[in-house]
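Enquirer: Here it is, the structure, as C-alpha cells.
Nothing in this text is a laboratory measurement; each read-out follows from the coordinates by a stated rule. Note that the structure is predicted; figures quoted are calculated from it, not measured. All Cβ positions, even for glycine, are placed from backbone atoms using ideal geometry, and neighbour counts span all protein chains on display.
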There are 4 protein chains.
Amino acid sequence: MAHTGVLRPGFIQLRVLDMPAAVEHYTKRVGLHQVTEGKDGRVYLKSADEFDHHSIVLRRAESAGVDMMAFKVRDDSDLDMFEKRIAEYGIAVDHKAASDVDLVREAHQSRITVDHVAAGEQPGLGRRIGFTVPSGHRIELYAHADQSDPKPRTLNPDIWELEPHGMCARRFDHALFYGPNLEEVLNFFTTVLDFKCAERINLPDGTLAIWLTCGMKAHDIAFVKHPEPGKLHHVSFDLENWQSVGNAADIIARYDISIDIGPTRHGITRGQTIYFFDPSGNRNEVFAGGYTYYPDNPTRIWDETQIGKSIFYYERVLNEAFLSVVT
Amino acid sequence: MAHTGVLRPGFIQLRVLDMPAAVEHYTKRVGLHQVTEGKDGRVYLKSADEFDHHSIVLRRAESAGVDMMAFKVRDDSDLDMFEKRIAEYGIAVDHKAASDVDLVREAHQSRITVDHVAAGEQPGLGRRIGFTVPSGHRIELYAHADQSDPKPRTLNPDIWELEPHGMCARRFDHALFYGPNLEEVLNFFTTVLDFKCAERINLPDGTLAIWLTCGMKAHDIAFVKHPEPGKLHHVSFDLENWQSVGNAADIIARYDISIDIGPTRHGITRGQTIYFFDPSGNRNEVFAGGYTYYPDNPTRIWDETQIGKSIFYYERVLNEAFLSVVT
Amino acid sequence: MAHTGVLRPGFIQLRVLDMPAAVEHYTKRVGLHQVTEGKDGRVYLKSADEFDHHSIVLRRAESAGVDMMAFKVRDDSDLDMFEKRIAEYGIAVDHKAASDVDLVREAHQSRITVDHVAAGEQPGLGRRIGFTVPSGHRIELYAHADQSDPKPRTLNPDIWELEPHGMCARRFDHALFYGPNLEEVLNFFTTVLDFKCAERINLPDGTLAIWLTCGMKAHDIAFVKHPEPGKLHHVSFDLENWQSVGNAADIIARYDISIDIGPTRHGITRGQTIYFFDPSGNRNEVFAGGYTYYPDNPTRIWDETQIGKSIFYYERVLNEAFLSVVT
Amino acid sequence: MAHTGVLRPGFIQLRVLDMPAAVEHYTKRVGLHQVTEGKDGRVYLKSADEFDHHSIVLRRAESAGVDMMAFKVRDDSDLDMFEKRIAEYGIAVDHKAASDVDLVREAHQSRITVDHVAAGEQPGLGRRIGFTVPSGHRIELYAHADQSDPKPRTLNPDIWELEPHGMCARRFDHALFYGPNLEEVLNFFTTVLDFKCAERINLPDGTLAIWLTCGMKAHDIAFVKHPEPGKLHHVSFDLENWQSVGNAADIIARYDISIDIGPTRHGITRGQTIYFFDPSGNRNEVFAGGYTYYPDNPTRIWDETQIGKSIFYYERVLNEAFLSVVT
C-alpha cells in the first residue's frame, strides 16, 4: 500500500518547430541533459537528478504544443487495473458546451477509449496505455523505465555528480493544460486515477481551474477551462528555491528569452515562479516551493473575489496572456 | 489507493525538565504556537502551517527524552488493519546482542503487543493504537485529529495568516531514534507499516543506520544503532530553505542556545541542517531541502569509506556528540 | 583623506496624509523603529542597524511628497567648505526648457542660495545647511547626529539585538527624484559635492536619468528627467538579499499594500527590487544587491535601445507608472 | 575629495607549489578566469566582475604563502604623497617582543623603507611602491591598471556576460595576515594610509587582532597577532549571499577540497563564510555579507569574554586551526 498506483509525472512530449533551437534551450538554459535521439528524430531529455530514462520528449512538428503527458505507475499490474477502471467509467458529456464551440466536439465522448503503445516505442520505456481525457489531452501510463545517465548515484552519493548548470532544473514537475469539461476531468482523475484536488477556482458560472496531485506535491497536473481542447499552457520544472528563480530570471534576461511574467508567486500552491517561452512558443515555468500536500488536507478553494491573487499573488491581477496564450 | 495507510508523522511527545523554559524555546525560538495545555499539565504545540490539532507534546518529567512518536493514518479502518498485521508479525530476536548489553533486554520480545489509547487522551485526537518496536521506542497510530488554530485558511488562503516568527518552523518533520535491533526495526517498518528505506549506512559488521519514509519525503523516521533502547537523538522541524537555516543559526547564537553542529548538510537526504538543544537537553534539528523520494527509487547506500560524508557532508567526519549524546 | 566630505544619505523628510497609518506602515511593514515624536508632530524613525538618531522623518501634510533629503558629511568644517563652494558655483540655466514648461521656472536660478537650519531643529541633529538643486529638490548637509536606540552595540556585538521584523529594512539607502535640468544637477553634484555618476541613461534628446554616488554604493541619490520640479519617485530601503525581497513581496501581498512592480531587478545598479506605496501614495522601494562602486570605475551608460532593460531588467519594458506616478 | 587615496585591495601574489593544480583550483572551483601567464611563469587571474587587469597572481615556489598584497590608489600623485608620508613616519619598535622571538627581528625597523617597482613588472599595471609593515608583510601601492577581459560591459551592461561558474567569486576582497607588532601596524595603516579600524579584539595582554578598511567594507585587510612575521592566514573572495556560501560548501565537499571550517558566520564583520585550502595549503575564504562601514562609525570592540563568538559566531569557540595553521 502506501504510495501506490500513479506515482508521478513521468514525461511530456512537446512539439517544437526548430529542433536545434529547442535542444539548446532545454539543455543550456533550462539545465537538462540530452539522453538520446531516436531514429524518428525525437530527442529525449532529462535532469541529472532524475533516475528514469527521460522526462522530456521533443518532436519536430509544424505547430507547437503537447502530444501527450505520461505518468509512471508503481507496478505493471497497475496498467491492467487502470485500463479496467477506465473501461468501466462512463462520462456524462456536456453537450451544451460542445454545441457552442465546434472545436471541442472531438473531445466529447461518452466513453474513454484506451489504446496501447508497445514497449520501446520510446527508448528505455516499457509498454504504455493511452487515452484522451475530456479536456482533449492525451494521457499515458507506464510502469517501467530504464535508468539512464546522468542520474544520481546510489552508493555514497554526492549531492550532485555534474555541476548543475543554467536554470538548474531538478525535474519535470507538472504541466498545466487548457481545455473544456473540467468537471469531467476532475471526476475522472479523482475517481479513476486516484488523484486528489489540492486547489480549485470556483467562479459563479462553474469551475475555472483545478490543481490535481497523485502524491505529496501541491500539483502534478492542472487544468484551466478553455473552449479549445488539448492546449498546453505550460510545462513546469522544479527548482531549489527563490534564489534559483532569481537566477532563472537573470538567465532569461541575459539571453533575451521571451518572458511571460515573473519572478512572482502563485497564491495557489504558493509556488515561486517565472514563466517564459521556449523558441517554439511553448510556455515554460520554473518554480520553487509550494506546500507539502497530504490526502487528508482540505481542498483549498478560491472564488471570484481573489482570482488575481490566486494566480499571481504579488500582482493580484491576471495578465492578459495567462488566459489567452497557449500552444 | 494512491497514498494510503500511514500518511505522516503526526506528533511526538517529549519529556522536558522545565516546562516554561521548554514552551518559550519551542514557541519563541523554534517558531511554534501553543494550542492548549491539558489538565495533566502537558502542553500541546503546532506550527501555524499545520492543520491538525498539535504536533508536539511536552510532558514535564525528571529526565528528558521521548515518550512516543505517533503517525497519522488515512482511515480509521487502517488502525484495525495495522493491529491485525502487527499481531501476525513475529520478530526473530537477536539474542546475542541482547546478551551483550543488559539494557536492551526489555526491547526484545518475540511478539509486538498492541495496546489502545482512548480518543481524547490527548485533546483533539481520536483513538490511538500503540506498540514498542525492537529498538525500544513506542510508536502510535491514529486516524483522527481535530483541526486547531492557527492553521492555513482554505478559502482564498494567503501564503500565511500570521507572520512566521523565530526559526519559522513549518512542521514537525521527523525524528531520529537510537536503539538496538535495527534489522528488525527495518523489517517491521517496511513489511508491516509499508515504509520504504530511502537510505542506509551499512558497515562491515552490520547496519549502522536506516532512514525510513512513508511518503515522498526522504525520511519520516530514522534509527541509528545504539546499545541502549528507546533513546532520542533529535526531533526535527522543516524550514523553507538554506537561508532559513542561516536565520536559525543567527537565533541560536543570539540567544546563546546550546548548539551541537551546523549549519551544515547531510549527505544522506541532502538536508541542510543545524542541530541544537532545547533547555532540557533534547536535541533539535531544523533543516531544509532533501530530495523528493518515490517508492520506485533505489535505496541509497553508504559504506564505511564515506560514513563521515553521509552524516556531515561538509565536515566529512562525525563529531563525537553525534554518536554519544542522546536523551 | 580617504572617505571625506559627503559620507552618505542621512535622512529624508516625507509628507504623509495620515500619520498613524504612515507610522504603522514604516514600523510594522517596512521594519523600522520609531525613535521619537517632535513637538510639532513630526515622527522620527530609523532602522535598528543605524547608529544615527534617525533616517526617516514623517511630516503630516495635505499632499504627499518629499520636503528634503539630507546627507551627512564627515566634519563640521565640511559644512563651511561646501557652503563656500556652492556660493562660488554659478549655474547656466537652460532657458529653453524653462520656457516650455511653466512649472520648472522656479527651479531655475543662476545661483544656488544656501540657508541655515539651527542645531536641534530636528531632535538629535546638529546644524544643517540647505539649498535647492536645479531639479527643484531641497538638499541639506549636516555633520552631527546623536546616536539613538535601537542601534548596533559596539562591545561584543551580536548580529542583531532586536529580531528583525517586517521587511527587515537595514537602512534608508537612497531616493530617486524627478525634476528638470538633469545636466545641471549632475554638474552640481559631481563638481561641488564630489559625487560620481555611476550610471546614466542617454537618449538622443539628452540625459534621461542619472545615478549618483558619494561612496561605494552604486547610488545614493538618482534623478529622472521630468517637467515638474521637486517630485519624489521613491525612497528606498536596503535589504539583505533576494530572499528578503521575496519576503517583502509576501508582506505586501498579505497586507494588501498597494504594489507598483516587482519583485524584479534593475539593469542599472543590478539591484533586486520591489516597488510599493505607503498609505499616502509615496512610492517605497526595498532592494538588495547592486555592485560595489569605486571612483575609478567607468560610468555605465544606457541608450535608447535598452531603456526597458536598464530599469526593469526582467520585464524589459518600462511600465506606465514608472514614468508618470510621482508625489 | 570623497573617496581618495587608497581605494581598495588590488591584487595579492600567492606562492603555490603546483601551478596547474592551483590554476584549476582558482579558475574551476573558486570561479576566476585566467587573464594571462607571464614570461616568468606567474599566472594572472581575475573575476569576470572586476575591471582591472588582474587581482590574483600565482607564483610557483617551494613554499606556500604570500609575497605581497597591493592596494590601488586613486591617482598617480598619491604614490608620491604616500612615499613622502612613509618616509616621515618613524616606528617605535617593541624591542621586548623582538627579544622574545628571534623570527620577528627582521620585521622591526625604526623606519619603513619604500622601494619602487617599474610599470610592467606585472602585465597591465603601472609603477608600484612597496614597503614592509611591522608585521613583516610586504604591501604595495599602485595607481594604474589596464582593464582586461572578461570585465563588465559599460554600454547597456547585462548583469553578467559570462555565466558565473564554480563558487562564483565576484572579487578578491581582502586578506588576513598573521604577524607581530599589531599596534604598530594599526598606527601605520590608520595614520599613514588613512585606513580606519572597523573592529578589534582586545585581550588583557594587548591587541589580538585588527580589521582595517580603506572604504565602506567592514575590512580590506586584517591582522592577527602571531610571533612569526609575514604569514598568510587567508585570502578572501566575495560571494553574493549565504546561498552562494552554501553552494561553495557543496563544491568543496563534492571535489574533496580540504576544508577548514564552515559554513559559519563571523561575529566580527558579520560575514557568512567558509574556509578551505588551495592545493598548496594556502587558506581561502569565500564569504558574503558584512555590514556597510562608514568612517564615522564607532570601532566595534571584542574582549576576552566573547572571543569565540567574535571569530566563529555560531560555534562560539575558536578551532585549533584558526590560531595555528598559516602559510
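Enquirer: Could you list, in their original order, any pairs among A:LYS28/A:LYS231; B:LYS196/B:LYS231; B:LYS39/B:LYS217; C:LYS84/C:LYS196 whose Cα atoms are separated by more than 31 Å?
Expert: Where the Cα-Cα span goes over 31 Å, the pairs concerned are B:LYS39/B:LYS217.
Enquirer: Right, another one. Listing B:THR27, D:THR36, A:THR113 from the residue with the fewest other Cβ atoms within 10 Å to the one with the most, what is the order?
Expert: A:THR113, D:THR36, B:THR27
Enquirer: Let's test the formula: R0 of 30 Å, r as the Cβ-Cβ distance of B:ASP146 and B:ASP256. What FRET efficiency results, to the nearest 0.05?
Expert: Calculated value: 0.20.
Enquirer: Which residue is it, in chain C, whose C-beta lies closest to the C-to-B rotation axis, and what is that distance in whole Å?
Expert: C:GLN243, 2
Enquirer: Give me the distance in nm between label points sitting 7 Å out from Cα along the Cα-to-Cβ direction at C:THR113 and C:ASN156, one decimal.
Expert: Placing both labels 7 Å along Cα→Cβ, they lie 5.6 nm apart.
Enquirer: Search the structure for amide H atoms under 5 Å from the amide H of C:LEU7, placed 1.01 Å from N in the peptide plane, and list their residues when 5 or more places away or on another chain.
Expert: The answer is C:LYS72, C:VAL73, C:ARG74.
Enquirer: Gap in Å between the Cα centre of segment C:170-199 and the Cα centre of segment C:14-42?
Expert: So the separation of the two Cα centres works out to 26 Å.
Enquirer: Let's test the formula: R0 of 60 Å, r as the Cβ-Cβ distance of A:THR299 and B:ASP303. What FRET efficiency results, to the nearest 0.05?
Expert: Using R0 = 60 Å, I get an efficiency of 0.85.
Enquirer: Which distances in nm, rounded to one decimal and ordered from shortest, link the label point of B:LYS84 to the equivalent label points in the other identical copies, with labels set 7 Å from Cα toward Cβ?
Expert: Copy-to-copy label distances for B:LYS84: 2.0, 9.9, 9.9 nm.
Enquirer: If the only charges are +1 at each Lys and Arg Cβ and -1 at each Asp and Glu Cβ, what is the size of the charge dipole of segment B:171-324 around the Cα centre, to the nearest 20 debye?
Expert: Rounded to the nearest 20 debye, it is 240 debye.
Enquirer: Quick one: with label points 7 Å out along Cα→Cβ, list the inter-copy distances for B:GLY206 in nm, shortest first?
Expert: 5.9, 6.4, 8.6
Enquirer: Right, next: Assign one of three labels to the protein assembly as shown, namely rounded, prolate or oblate, based on the Cα gyration tensor with a ≥ b ≥ c the square roots of its eigenvalues; rounded applies when a/c is under 1.5, prolate when it is not and a/b is larger than b/c, and oblate otherwise.
Expert: Since a/c reaches 1.5 and a/b is larger than b/c, the shape of the protein assembly as shown is classed as prolate.
Enquirer: Please average, across the residues of C:234-246, the number of beta carbons from any other chain that are within 10 Å of each residue's own beta carbon, and give a whole number.
Expert: Counting other chains' Cβ atoms within 10 Å and averaging over C:234-246 gives 5.
Enquirer: Oh, and also: How many Cβ atoms of partner chains, on average, are near each residue of A:260-267 if near means within 10 Å of its Cβ?
Expert: 4
Enquirer: In terms of Cα to Cα distance under 15 Å, which aspartates and glutamates are near enough to D:LYS151, apart from those fewer than 8 places away along the same chain?
Expert: Here the aspartates and glutamates satisfying the reach criterion relative to D:LYS151 are C:ASP296, D:ASP49, D:GLU50, D:ASP52, D:GLU161, D:GLU163.
Enquirer: Points 7 angstrom from Cα along the Cβ direction at C:GLU88 and B:GLU183: gap in nanometres?
Expert: Inter-label distance under the simple model: 9.2 nm.
Enquirer: Go through A:LEU186, A:GLY289, A:HIS233 and say which Cα lies farthest out towards the positive end of the charge dipole of segment A:171-324; charges sit on Cβ, +1 for Lys and Arg, -1 for Asp and Glu.
Expert: Highest projection toward the positive end goes to A:GLY289.
Enquirer: For chain D, what is the percent of antiparallel DSSP beta bridges, rounded to the nearest 5?
Expert: DSSP beta bridges in chain D are roughly 70 percent antiparallel.
Enquirer: Return the long-range amide H neighbours of B:GLU199 (sequence gap of 5 or more, or a different chain), with a cut-off of under 5 Å between placed amide H atoms.
Expert: B:TRP211, B:ARG300
Enquirer: Then there is this: Per the Kirkwood definition applied to all pairs of different Cα atoms, how many angstroms is the hydrodynamic radius of segment C:173-324?
Expert: 15.7
Enquirer: Relative to the other copies, what are the label-point distances for C:THR190, with labels 7 Å from Cα along the C-beta vector, expressed in nm at one decimal and sorted shortest first?
Expert: For C:THR190, the other copies' label points sit at 3.6, 6.6, 7.1 nm, shortest first.
Enquirer: Further question on the same structure: How do A:LYS84, C:LYS28 rank when sorted from fewest to most other Cβ atoms within 10 Å of their own Cβ?
Expert: With the sparsest Cβ surroundings first, the list reads A:LYS84, C:LYS28.
Enquirer: With charges set only on the Cβ (+1 for Lys and Arg, -1 for Asp and Glu), what does the dipole of the protein assembly as shown come to about its Cα centre, in debye to the nearest 20?
Expert: 0
Enquirer: Is there a simple number for the mean count of other chain Cβ atoms within 10 Å of the Cβ of residues in B:282-291, and what is it?
Expert: That average works out to 1.
Enquirer: So how do B:307-319, C:228-240 stack up, highest first, on mean other-Cβ count within 10 Å?
Expert: Going from most to least packed, we get C:228-240, B:307-319.
Enquirer: Based on Cβ point charges of +1 for Lys and Arg and -1 for Asp and Glu, what charge dipole magnitude is obtained for chain D about its Cα centre, in debye rounded to the nearest 20?
Expert: My answer is approximately 200 debye.
Enquirer: Taking +1 at the Cβ of each Lys and Arg and -1 at the Cβ of each Asp and Glu, which of C:GLY10, C:HIS33, C:ILE56 sits farthest along the dipole of segment C:6-142 towards its positive end, judged by Cα position relative to the Cα centre?
Expert: C:HIS33
Enquirer: Kindly provide the helix-only [θ] at 222 nm of the protein assembly as shown, computed as the sum of -39,500 (n - 2.57) over DSSP H runs of four or more divided by all residues, to the nearest 500 deg cm²/dmol?
Expert: The helix contribution divided over the protein assembly as shown gives -5000 deg cm²/dmol.
Enquirer: Another one. Once each part is reduced to its C-alpha centroid, what is the distance from segment C:253-316 to segment D:220-253 in angstrom?
Expert: So the two Cα centres are separated by 31 Å.
Enquirer: If you rank C:MET167, A:MET81 by fewest surrounding Cβ atoms within 10 Å, what's the result?
Expert: A:MET81, C:MET167
Enquirer: Rounded, prolate or oblate: which one fits segment C:6-142, using the alpha carbon gyration tensor with axes a ≥ b ≥ c (rounded when a/c is under 1.5, else prolate when a/b beats b/c, else oblate)?
Expert: Judged from the Cα gyration tensor, segment C:6-142 comes out oblate (a/c at least 1.5, b/c at or above a/b).
Enquirer: Taking a ≥ b ≥ c as the square roots of the eigenvalues of the Cα gyration tensor of segment B:228-303, is the shape rounded (a/c under 1.5), prolate (a/b larger than b/c) or oblate?
Expert: Since a/c reaches 1.5 but b/c is at least a/b, the shape of segment B:228-303 is classed as oblate.
Enquirer: Moving to a separate point now. Once phi is turned into ³J(HN,Hα) by the Karplus curve 6.51 cos²θ - 1.76 cosθ + 1.60 with θ = phi - 60°, what whole-Hz value does each residue of segment B:231-242 show in order, with x for glycine and proline?
Expert: Computed from phi, the couplings for segment B:231-242 are 8, 9, 8, 7, 10, 10, 10, 8, 10, 6, 6, 4 Hz.
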